[in-house]
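These notes are about the structure you will find just below.
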Amino acid sequence: MLSADQVKPGAQAVLSRADFDHLITVLQAEGYDVIGPTVDNGAVVYQEIDNAGALPEGVASRQAAGRYRLEKRADNALFGYIAGAQSWRPYLFQPSRTVWRAEKSGDELSFTEPEEPAPKMAFLGMRACELAAIELQDRVFMNGDAPDPDYAARRSGALFIAVNCGEAGETCFCVSMDTGPKVTRGHDLVLTELIAPDAHDFLVEIETEAGAEIARKLPLRAAEPQEVGRADAILAETAQSMGRALDTNGLKEILQDNQDAPQWGDVAERCLSCANCTLVCPTCFCNTTEDVTALDGESAERRQRWASCFNLDFSYLHGGPVRPSVEARYRQWMTHKLAHWIDQFGDSGCVGCGRCISWCPASIDITEEAAALRRHAEEADNGEN
Amino acid sequence: MAKPKLAVWKFASCDGCQLSILDLEDELLALAETVEIAYFLEASSKTVAGPYDLSLVEGSITTPHDAERIQDVRRQSHKLVTIGACATAGGIQALRNFADVKEFTKAVYARPDYIKTLETSTPIEDHVTVDFNLRGCPVDKKQLLEVVSAMTFGRKPMIAADSVCGECKARGSVCVAVAEGTPCLGPVTHAGCGAICPAYGRGCYGCFGPSDAANMPATARLLQAQGLSEDEIVRILRTFNAYAPAFREESEKHDAPNDQC
């Protein structure tokens, strides 16, 4: 066992699989709702879990464009799946919520904001790409001109327990986006799952004091140098086995300079305009507000809900939508995500998690669409020279 | 100020959407306090003469008599809102539009010569001006309340016309098309039901008709890739909203001419 003063930010230690339940028990005792991976309806999803038994032990998730299937792993890894079906987004940026209520009493009109306290959540099993996505959403919801108090309250109380990816998925490309697979920032604790024929342990790396407070209550032992070395080797191998790659070199200019490329029409033939890519994207932040009145006219409510640039209503101005075609809407999404985002927020809006590829019912692959546009741009350049 | 007068009318339909009004239960008293329920035969045989501030119309037009009656309803109504797939798209009975209705009457009735019916089942909007079409088979009661409330206060109803996928993801369901390969009309179906079927592991049946941006040819290719035959594609598109233009046009592309003989 490590002594309490050895468990501090920057320290490395080892938690055995047999003691993993302690992590969840300690989090619960500290008042956290533990949100972690679990299997539900054929996919790994992030839900509130009561104990380690709910984790997807021995589960692998195989992904391809428009396809997701669970399989059995050869080992009993707890975090052996690729990033879950939906990101952590719904827990911080809620699908819908009431912004305020207005009540009429005689001639008086009063406004009240809902006063439900934000839940204190511990997210268990966050991947590097997902932490990068939250960093991007923070810029929108917390650091912008109009901070979102609900997001901020949920975000500030949350504890982030990350896991380094032991393998890459078929639709993963975090290496291209420089967001993973190694967890480097944004987390409180990070685990690396170490499985050997005779041992099953987690290398625990402590990043923050909040993480250290939890770690001090765990039965940790000192990490052996070879365990740290194995964790590094696992990450190196994961980085080498990305299922997809996105060439970002000059991509911003390619997208912004080729708004009339025939590729947009080609993808519009296939795109269902169903909005699934934006709904599973961990960085998409668009939302809309709706005002509704009660039947008696004595009260009204402003509600906020997720919106998507794939919906016709999204660009509706007086007279009609600005982007009436699927072509215009797909172009808007992809150019914003990969190009205009850089102008707006200083970074690409894509973290390379691959969800928009896996969960597109029409199997549209953003990396292939980007490559097709690049070929078009290069051919156009060659034609000019 | 007098309470607005509400009328509820039935045309060719199963009454399910009218039942959605009665199913409001908790809100029904508030509704009755806000509006005068002046004409609603499903609820009461006591009626108050028109004109009416708001008419809710259920059902499609399938008889010469109803084609005249809807004109009268329109004349008596300040605002007219259709409720449900029959009224907005012709309903399941619009399957007759793809066949010869005389063959049906011969097969069903002992004395088909007693039956006076039209060749087609058509939506209300084909006959009169409609102020708002509320989709669904049946309609969603919360949406119904929202439309009545919006019409009462003269504001736009907050009814999203985008696809079921948004509701499916908002409730945290796993996509059945991607995770199980289940044929699902969710990507091209108008939202409103709250994505009930995918939450229970079933593909969307398209009860709310096509969404405002439905890409039907791409959907048909996806259904083919999921193993549906041409006949099965026709069947999945021809249910409660068979005659809604987007579903109708796509199903006609897959309906081989020899099947119609």
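The values are calculated or read from the model by the stated rules, or taken from the named source; none is laboratory data. Predicted model, so just to flag it, every value in this text is computed and none were measured. Here the Cβ is made from the backbone with ideal geometry for all residues, glycine too, and neighbour counts use every protein chain on show.
Just give me the residues in the range B:108-128 being touching a residue at least 24 places away in the same chain (Cβ under 8 Å) and out of contact with any helix residue (DSSP H, G or I) (no Cβ under 7 Å at 6 or more places or on another chain), in sequence order.
Within the range B:108-128, B:122, B:125, B:126 qualify.
Kindly list the number of the only condition in (1) in contact with a Leu (Cβ under 8 Å, 6 or more places away or on another chain); (2) more than 8 Å from chain A (Cβ to nearest Cβ); (3) closer than 29 Å to residue A:35 by Cα that fails for residue B:233.
(3) is the only condition that residue B:233 fails.
Collect the residues in the range A:205-236 that are within 22 Å of the chain's Cα centre (by Cα) and either outside the structural domain of residue A:129 (by TED's automatic domain parsing) or closer than 20 Å to residue A:23 by Cα (or both), keeping them in residue-number order.
Residues satisfying the conditions are A:205, A:206, A:207, A:208, A:210, A:211.
So which of B:142, B:156 is closer than 26 Å to residue B:18 by Cα, in a loop (DSSP other than H, G, I, E, B) and at pLDDT below 95?
Working: B:142 fails: in a loop (DSSP other than H, G, I, E, B).
It is B:156.
If we keep just the residues of the range A:99-123 that are exposed (fewer than 15 other Cβ atoms within 10 Å of the Cβ) and of a type in the set (Gly, Ala, Ser), which is farthest from the chain's Cα centre (by Cα)?
A:106
Looking only at the range B:192-216, which residues are under 15 Å from residue B:249 (Cα atoms) and touching a residue at least 60 places away in the same chain (Cβ under 8 Å)?
Within the range B:192-216, just B:209 meets the criteria.
Among (1) in contact with a helix residue (DSSP H, G or I) (Cβ under 7 Å, 6 or more places away or on another chain); (2) under 20 Å from residue A:44 (Cα atoms); (3) part of a loop (DSSP other than H, G, I, E, B), where does residue B:198 come up short?
Checking residue B:198 against (1) in contact with a helix residue (DSSP H, G or I) (Cβ under 7 Å, 6 or more places away or on another chain); (2) under 20 Å from residue A:44 (Cα atoms); (3) part of a loop (DSSP other than H, G, I, E, B), the one that fails is (3).
Across the range B:174-193, which residue is farthest from the chain's Cα centre (by Cα) among those that are assigned to a loop (DSSP other than H, G, I, E, B) and under 29 Å from residue B:22 (Cβ atoms)? Write out each step before concluding.
Keep residues of the range B:174-193 that are assigned to a loop (DSSP other than H, G, I, E, B), which gives B:174-175, B:181-185, B:191-193.
Filter again for under 29 Å from residue B:22 (Cβ atoms), leaving B:185, B:191-193.
Working: B:185: 16, B:191: 12, B:192: 11, B:193: 12 Å.
Among those residues, the one meeting the criterion is B:185.
Would you be able to tell me the number of residues in the range A:269-288 that are at the interface with chain B (Cβ under 8 Å from one of its Cβ atoms) and over 16 Å from the mean Cα position of the chain (by Cα)? Break it down into steps so the answer makes sense when it comes.
Step one: list which residues in the range A:269-288 are at the interface with chain B (Cβ under 8 Å from one of its Cβ atoms), which gives A:269-276, A:279-280.
Keeping just the survivors that are over 16 Å from the mean Cα position of the chain (by Cα) gives A:269-275.
Looking only at that region, the number is 7.
Quick one: count up the residues across the range B:154-182 that are in contact (Cβ under 8 Å) with a residue 40 or more places away in the chain, crowded, with 23+ Cβ neighbours inside 10 Å and more than 7 Å from chain A (Cβ to nearest Cβ).
Of the residues in that region, 1 qualify.
Can you pull out the residues in the range A:289-324 that are more than 9 Å from chain B (Cβ to nearest Cβ) and either under 14 Å from residue B:155 (Cβ atoms) or polar (S, T, N, Q) (or both)?
The answer is A:289, A:299, A:300, A:301, A:302, A:304, A:315.
State which residue pairs qualify: first residue assigned by TED's automatic domain parsing to the domain that holds residue B:126 and inside the range B:83-107, second residue modelled with pLDDT under 95 in any location, beta carbons under 6 Å apart, and separation of 6 or more residues or different chains.
B:105/B:112; B:105/B:115; B:106/B:112
Picking from B:208, B:240, which residue would you name as being in contact with a strand residue (DSSP E or B) (Cβ under 6 Å, 6 or more places away or on another chain), under 20 Å from residue B:137 (Cα atoms) and modelled with pLDDT of 95 or more? Full working, then the answer.
Working: B:240 fails: in contact with a strand residue (DSSP E or B) (Cβ under 6 Å, 6 or more places away or on another chain).
Result of the check over B:208, B:240: B:208.
Select from the range B:216-230 the residues that are of a type outside the set (D, E, K, R) and facing chain A (nearest Cβ under 9 Å) and write down the one among them that is surrounded by the most Cβ atoms within 10 Å (Cβ to Cβ).
So the first thing to find is which residues in the range B:216-230 are of a type outside the set (D, E, K, R), and the list is B:216-220, B:222-229.
Among the residues that remain, those that are also facing chain A (nearest Cβ under 9 Å) are: B:217-219, B:222, B:225.
On the way: B:217: 12, B:218: 22, B:219: 28, B:222: 22, B:225: 14.
Checked the range B:216-230; the qualifying residue surrounded by the most Cβ atoms within 10 Å (Cβ to Cβ) is B:219.
Among all residue pairs at least 6 apart or on different chains, which show Cβ distances below 6 Å where the first residue, located in the range A:148-166, is of a type in the set (Phe, Trp, Tyr) and the second is crowded, with 21+ Cβ neighbours inside 10 Å and assigned to a helix (DSSP H, G or I)?
A:151/A:92; A:151/A:141
Mind checking whether some residue in the range B:111-127 is basic (Lys, Arg) and under 18 Å from residue B:252 (Cβ atoms)? It would help to see each step written out before you state the result.
Residues of the range B:111-127 basic (Lys, Arg): B:111, B:116.
Still in the list and also under 18 Å from residue B:252 (Cβ atoms): none.
Within the range B:111-127 (the criterion being basic (Lys, Arg) and under 18 Å from residue B:252 (Cβ atoms)), the answer is no, since none of the residues qualifies.
Given (1) more than 25 Å from residue A:129 (Cα to Cα); (2) in contact (Cβ under 8 Å) with a residue 12 or more places away in the chain; (3) surrounded by fewer than 19 Cβ atoms within 10 Å (Cβ to Cβ), identify the lone condition not met by residue A:311.
Every listed condition holds for residue A:311 apart from (3).
Checking residue A:380 against (1) modelled with pLDDT of 95 or more; (2) farther than 30 Å from residue B:224 by Cβ; (3) not in a loop (DSSP other than H, G, I, E, B), only one condition comes out false. Which one?
It is condition (1) that residue A:380 fails.
Looking only at the range A:204-213, count how many residues are touching a helix residue (DSSP H, G or I) at 6+ places or on another chain (Cβ under 6 Å) and either surrounded by fewer than 23 Cβ atoms within 10 Å (Cβ to Cβ) or of a type in the set (S, T, N, Q) (or both).
Total meeting the criteria: 0.
Working only within the range B:26-60, note down all residues that are out of contact with any Lys or Arg (no Cβ under 9 Å at 6 or more places or on another chain), surrounded by 22 or more Cβ atoms within 10 Å (Cβ to Cβ) and not hydroxyl-bearing (Ser, Thr, Tyr).
B:56
Yes or no: the range A:334-354 includes at least one residue that is within 14 Å of chain B (Cβ to nearest Cβ), under 29 Å from residue B:158 (Cβ atoms) and surrounded by 23 or more Cβ atoms within 10 Å (Cβ to Cβ).
No, the range A:334-354 contains no residue that is within 14 Å of chain B (Cβ to nearest Cβ), under 29 Å from residue B:158 (Cβ atoms) and surrounded by 23 or more Cβ atoms within 10 Å (Cβ to Cβ).
When the range B:201-227 is examined, which residues are found to be in contact with a Pro (Cβ under 7 Å, 6 or more places away or on another chain), of a type in the set (A, V, I, L, M, F, W, C) and not in a helix (DSSP H, G or I)? Before the answer, list the steps.
Restricting attention to the range B:201-227, the residues satisfying the condition of being in contact with a Pro (Cβ under 7 Å, 6 or more places away or on another chain) are B:203-204, B:219, B:222-223, B:226.
This time we only want the ones that are of a type in the set (A, V, I, L, M, F, W, C), so: B:204, B:222-223.
Result: B:204, single match.
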